[in-house]
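Taking it in order: structure first as C-alpha cells, then the write-up.
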Amino acid sequence: NAPHRAETTAKALGVEILCAPFEDKAVQATFTRQAPFGLIFSSHVLEHTYHPAEIIRCAASLQNEGDHLIISVPYFPGELSMMVIGFLPHLHSFMPSSLERLFNSQGYQVLDTRITERCNMTMIAKKSAVIIPREQHAVLPAAAWEKKFISALGMGKCAGSLRRLWWNRKTDIGGQ
C-alpha cells in the first residue's frame, strides 16, 4: 500500500506492482483476469487487515478446487504481551482453531499446521468442496490470556490508583 515502495520494486524487478489492498475491486479484477492461481501465499499480512474473512474469500474466488493457500501469521501464545496490547498495526491475533475455522468458512480444508513455532503459525490448506473436520485444536481459555498479561505486565500487585508500566521486550516481563 506504499506507492513509493511499489514504484521502486516495479523498477528494480521489472514487474507490475498493484498498489492497493488485496480486496480492492480493481486489484481483484486484475487478479480475476489472471486466475486461477494454484498457490496463494501470504506471510504476516492477515493480522493487519480489517476483515480477514474477506481476504480469504477473495483468495478463494481466485482459486479452483484443489488449489492451495498458505498463510503465516503471528501465533498468539508466543506474541509478546505488550505487542498484543500496544502494537496497533496488528488488528488480529490467531490460534490454530480460529484460523482453521476462518479457512473452513471460505471453503478450505486445512492440510497442515505443523509449521507452528513459538511466535509464528503457518497453515497450509486446499480449496475443497467438502470440508472434513480435523482433530480439535487446543483453545486458549480467556483465563489463560488474562494470566499471560497479568504476569507479563506485573499487574498482580497494586501500586496505587496511578500506574506506570515498564516492560522488557526480550523477556516479556514487566512491572509497575
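The values are calculated or read from the model by the stated rules, or taken from the named source; none is laboratory data. Please read all numbers here as calculations on a predicted model, not as lab measurements. Backbone-built Cβ (ideal geometry, glycine too); neighbour counts: all protein chains shown. When the accessible area is computed, the model is the full protein with side chains, heavy atoms only, and any ligands, DNA or RNA have been set aside. Shrake-Rupley method; radii C 1.70, N 1.55, O 1.52, S 1.80 Å.
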Leading residue by the ranking (nearest to V110 (Cα to Cα)) among those in region 70-83 that are open to solvent by less than 30 Å² (accessible area, probe 1.4 Å) and within 13 Å of the chain's Cα centre (by Cα): I71
Top-ranked residue of region 115-149 - restricted to ones that are assigned to a loop (DSSP other than H, G, I, E, B) and over 29 Å from L39 (Cβ atoms), ranked as modelled with the lowest pLDDT: V139
Answer from I56, I131 - the residue that is out of contact with any Lys or Arg (no Cβ under 8 Å at 6 or more places or on another chain), buried (at least 18 other Cβ atoms within 10 Å of the Cβ) and of a type in the set (A, V, I, L, M, F, W, C): I56
Tally of residues being over 18 Å from H44 (Cα atoms), assigned to a loop (DSSP other than H, G, I, E, B) and either without any contact (Cβ under 8 Å) to a residue 60 or more places away in the chain or in contact with a His (Cβ under 7 Å, 6 or more places away or on another chain) (or both) across region 58-90: 1
Residues that are under 17 Å from F31 (Cα atoms) and of a type in the set (G, A, S), drawn from region 55-74: A59, A60, S61
Scan of region 91-114 for residues that are in contact (Cβ under 8 Å) with a residue 12 or more places away in the chain and either surrounded by fewer than 16 Cβ atoms within 10 Å (Cβ to Cβ) or in a strand (DSSP E or B) (or both), ordered by number: L91, F94, S97, S105, Y108, Q109, V110, L111, D112, T113
Residues (open to solvent by less than 70 Å² (accessible area, probe 1.4 Å), of a type in the set (V, I, T) and not in a loop (DSSP other than H, G, I, E, B)) located in region 1-51: T9, V27, T30, I40
Residue check, E54 of a type in the set (D, E), modelled with pLDDT of 95 or more and farther than 27 Å from K170 by Cα: yes
